[in-house]
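Derivation of every value follows stated rules applied to the coordinates shown; laboratory data play no part. Just so it is clear, the structure is predicted and the values come from calculations on it, not from any experiment. FYI the Cβ positions are ideal-geometry reconstructions off the backbone, even for glycines, and counts take in every protein chain you see.
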Amino acid sequence: MKPEDAVGLVFGLVILVAVLAIYIGLVVLGVKIAIRKNRSPHWMWFAIHPLGLIITLIVMASLSPLKRCPNCGNRTPEHARLCGFCGYNYEAAFMAQQPGVYMPPPQPNIYIPPQR
C-alpha cells in the first residue's frame, strides 16, 4: 500500500464521519423540534432517506405547536378554546389562574342557632 493511498483513505474516512455526524445531528434536531411542539417524534423515521430528512425538517419547523388537554390527555391546536374531544374549556381554566382577575371572596360558613 502506497502512502498516497493511506492518506486518501484517511481523508475519505474523515469526510464520511463528518457527513454522518451532521446527518445524525439534523435527525436529533428534528426530534427535539417535534418534542418541543408536542408532536410525534416518529416522523423522523422519514429521515432514513436524505430527502425525507429535509422534507421532515421543513414540515416540523412550519407546523404549529399542540397543547395537551389536562382533562382527557388528547392533543389540540395551541389556539383552541375548547378541547375537541372532551369539551374542556381552556379559557375558563386560564382565567381562574390569573392573579389580577377579580373573584369574589368565599362566603364564610356562619352558624346561626335556631330560634326557640
- Message: Suppose R0 equals 22 Å. What FRET efficiency, 1/(1 + (r/R0)^6) with r the Cβ-Cβ distance, do GLU78 and ILE58 give to the nearest 0.05?
- Response: 0.65
- Note on the structure: Karplus ³J(HN,Hα) for region 62-71 (6.51 cos²θ - 1.76 cosθ + 1.60, θ = phi - 60°; Hz, whole; x = Gly/Pro) runs 8, 6, 7, x, 10, 10, 9, 6, x, 8
- Item | Cα-based Rg of region 33-97 normalised by 2.2 N^0.38 Å, two decimals | 1.39
- Note on the structure: Here P(r) for region 1-65, Cα-Cα distances in 10 Å bins, as whole percents, is 21, 38, 18, 14, 8, 1
